[in-house]
Structure formats: structure tokens, C-alpha cells
1. How much area per residue is accessible in segment 126-172 when the probe is 1.4 Å and only protein heavy atoms are counted (Å²)?
2. Determine how large the accessible area of Lys226 is when every protein chain is in place; take a 1.4 Å probe and give Å² rounded to the nearest 10.
3. Which residue fluctuates the most in the chain, going by a Gaussian network model with Cα springs under 10 Å, if the choices are Leu48, Leu197, Leu32?
4. Just add up the charged neighbours of Pro211: K/R +1, D/E -1, any other residue whose Cβ is under 14 Å from the Cβ of Pro211.
5. Provide, for q = 0.31 Å⁻¹, the log10 of I(q)/I(0) from a solvent-free Debye sum over equal Cα point scatterers in segment 272-321.
6. What's the Kirkwood radius of segment 1-48 in Å, using all Cα pairs?
7. For the chain, modelled as a GNM with alpha-carbon contacts under 10 angstrom, which of Asn264, Asn233, Asn179 fluctuates the most?
8. Sum up the charges of everything whose Cβ sits under 12 Å from the Cβ of Ala113, counting Lys and Arg as +1 and Asp and Glu as -1, but leave Ala113 out.
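The values are calculated or read from the model by the stated rules, or taken from the named source; none is laboratory data. Quick caveat, the model's predicted, so the values are computed rather than measured. Cβ: placed from backbone, ideal geometry, glycine included. Neighbour counts: every protein chain shown. Calculation scope for accessible area: heavy atoms of the full protein, side chains included, ligands and nucleic acids excluded. Shrake-Rupley method; radii C 1.70, N 1.55, O 1.52, S 1.80 Å.
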Amino acid sequence: MKVLVTRPLPNEAIEMLKKKFDVTLNAEDRPLTRQELLDGLKGKDGVLCLLTDKMNAEAIGANPQLKIIANYAVGYDNIDVKAATANGIPVSNTPGVLTDATAELAWSLLFSAARRIPESDRFTRDGKFKGWGPMMLLGRGITGKTLGIIGAGRIGAAFALKSKGFNMNVVYYEAAGKNEVLEKELGAKKVDLPELLKNSDFVSIHVPLTPETKHLIGEKELKMMKPTAVLVNTARGPIVDEKALAKALKEKWIFAAGLDVYENEPKIEEELLKLENAVLVPHIGSATVETRTRMATLAAENIIAALENKIPPTCVNPDFAKLKKSK
Ligand code: DGY
């Protein structure tokens with residue numbers, strides 16, 4: 001069986017795959033070009049791909065021989081799951097193993113934006129620190145404030161639970177229903193989106209990117225937020241209208257934002273790059289040694305299961321089996 005791995009990954013996973021299959025690895029640490037991806041998929045039984053690889057209907061339709069598409073991410077908006085299911089191909093992701101790493105990064109961004117850490121660092125290095133100042137680099141306090149969580153799934157809930165030490169009032173917006181754990185552990189209250197935006201001092205986004213969540217936060221929503229509020233996005237860039245956010249930060253509709261993800265990665269809205277109240281990091285939510293290793297081995301476990309004719313452990317389209325041809 002032949003497997004394509006589209007980018008160098010922690011070696012444990014590559015070794016697991018090499019023990020069983022003929023592995024083609026893109027050894028260069030850069031995304032494959034579209035043509036390289038399409039060529040690389042030809043004749044492969046499985047692919048371990050990344051969120052930068054567009055596994056759309058074209059790529060899938062041209063490779064119905066695939067028996068597994070294993071994404072190295074929990075989000076899988078880069079894959080046309082409908083097209084995969086229609087071709088009887090299971091798709092897997094990496095849930096669970098990156099929950100804490102992503103929640104930790106969301107907190108890092110919240111602190112960095114609220115307490116102006118990157119800006120203070122630049123200030124210090126630029127030799128502007130001339131001694132303690134009563135009005136120097138004032139940020140926003142966190143303890144006892146209202147925390148608004150958009151999406152109370154695995155990552156949103158883990159992020160919320162980590163607020164315990166800060167004695168916060170937690171509200172959440174969740175289309176899928178109540179989160180009993182958050183209600184019991186934190187006294188959290190489920191609210192609608194406008195109520196969350198109007199009342200929260202900190203808003204953190206944890207929903208997947210779908211047609212329904214694209215631009216969930218636009219000009220109208222940003223205008224509902226407090227001028228003292230901080231917005232954090234570690235989910236997917238297109239959930240926030242980036243141009244509207246740049247305007248909101250520039251015109252001080254909100255205090256600051258902490259972003260890990262962007263609408264058109266790796267491009268970033270020019271205006272955002274100029275703003276001191278935008279804390280910007282390059283999509284590193286899951287970037288810890290432990291998490292990336294576990295993501296890689298989980299993706300490999302999914303490939304091994306599928307190529308051994310078993311249901312992949314973290315399959316997102318179990319319906320694939322209904323349409324599975326004799327492959
Ligand atoms: C994901 O898993 O969806 C992250 O964005 C990358 O780890």
C-alpha cells in the first residue's frame with residue numbers, strides 16, 4: 001500500500017507508517033504546490049495531509065483509489081468531506097490531542113492583548129523605557145471580568161475551565177445546546193451571540209469554520225462589543241471579517257485583539273500589521289512538541305486502521321462505509 005505524507009512531521013509517525021507501507025514523504029518543509037499535490041496523490045492508497053492542502057472535489061475525484069484522507073489537524077475545512085463520502089473514502093482528523101495546547105494559546109493571546117505584552121516588549125527594546133510611569137502602557141484587568149466563549153465544544157470548554165483561577169463570570173454561545181460541565185463547574189450561562197458580545201470583557205472564538213460561521217464576527221458584531229473588550233481567535237480566520245476587525249481596532253471600537261488565524265493565510269490584512277493593539281502569531285495553536293507528536297501519531301493510527309480495513313479511530317464521516325466501493 002502506498003501513502004503520501006505532504007510535509008515533514010514528527011518522526012514517530014513516519015516510522016509507524018514506514019513499517020507497514022511504501023511512504024512518499026515531501027521532505028521539504030513547505031506546502032506542496034497544487035500540481036505537486038495532485039501528482040503526489042496519483043496511485044496512493046492513503047494521504048496524510050495538512051490544513052494547507054486543499055483536498056477539494058477535484059483532488060478527491062481524480063483519486064477515487066484513496067482509502068483514507070488523514071488530516072493533521074482537528075479542523076478539516078480544507079477537505080471536501082461530501083466528495084470524500086461520495087467516493088467511499090474515510091476522512092479523519094486529530095481531535096482531543098490538541099485541546100489543551102490550543103486553549104493555552106488562547107489564554108496567552110488574551111493576556112498578551114489585555115496587558116499589551118508584545119507592545120511593551122517592543123517599547124523596552126526600542127529604548128523607550130525611561131523609568132516607571134503611572135500612565136505607561138495601561139492594559140485591562142482580567143480577574144473577576146466577564147468571559148464570553150463562542151463555541152463551547154472541546155477547545156472552548158477547556159479554555160473556559162482554565163478561567164477558574166481568575167474568578168470570572170462565564171457566558172457562552174453554543175448552537176449545539178447546553179454545556180452541562182461549564183454550567184456546573186463555572187456557573188456559566190448560555191446566551192445568544194448579541195448578548196455575549198454586548199456583555200463580555202473578553203471574547204474567545206472556538207467554533208469550526210463552516211458556511212454558517214464564515215464572518216460570524218463582522219462590523220455589526222464588533223460594534224456590539226465594549227470599547228474595553230478584547231477579541232481572541234484561535235479557531236479559523238474566516239470566522240472574523242478581517243477588514244472589519246482592522247477598522248474596529250484602528251477606530252477603537254474594541255480595545256485589542258489576539259489572533260492566531262487569518263482570513264487568507266499566510267497573508268494578513270495590511271492594516272492589522274500596523275496596529276499596536278493587534279497581537280499576531282502565525283497559527284501556532286497546536287505548536288508544542290508533545291501535541292504535534294501526538295497529532296502525527298494519531299493521523300498515522302488512522303491511516304493504519306483504514307488500510308487494514310478497519311474504521312479509522314477518529315473518522316469524521318462514518319457514513320463513508322455506506323458508499324464504499326470494493327477498493
Ligand atoms: C487544527 O488542528 O485545526 C489547528 O488549526 C492546527 O493544529
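1. Working: 2510 Å² over 47 residues.
In whole numbers, segment 126-172 has 53 Å² accessible per residue.
2. It works out to around 60 Å².
3. Looking only at Leu48, Leu197, Leu32, the largest GNM fluctuation is found for Leu32.
4. Numbers: positive: Lys82, Lys214, Arg236; negative: Asp77, Asp80, Glu212.
Result for the local shell: 0.
5. Listed by q, the Debye log ratios stand at -1.09.
6. On the way: mean 1/r = 0.0920 Å⁻¹.
Averaging 1/r across every pair of different Cα atoms and inverting gives 10.9 Å.
7. It is Asn264.
8. Values: positive: Arg115, Arg116, Arg140; negative: Glu119, Asp201, Asp260, Glu276.
Local charge sum for Ala113: -1.
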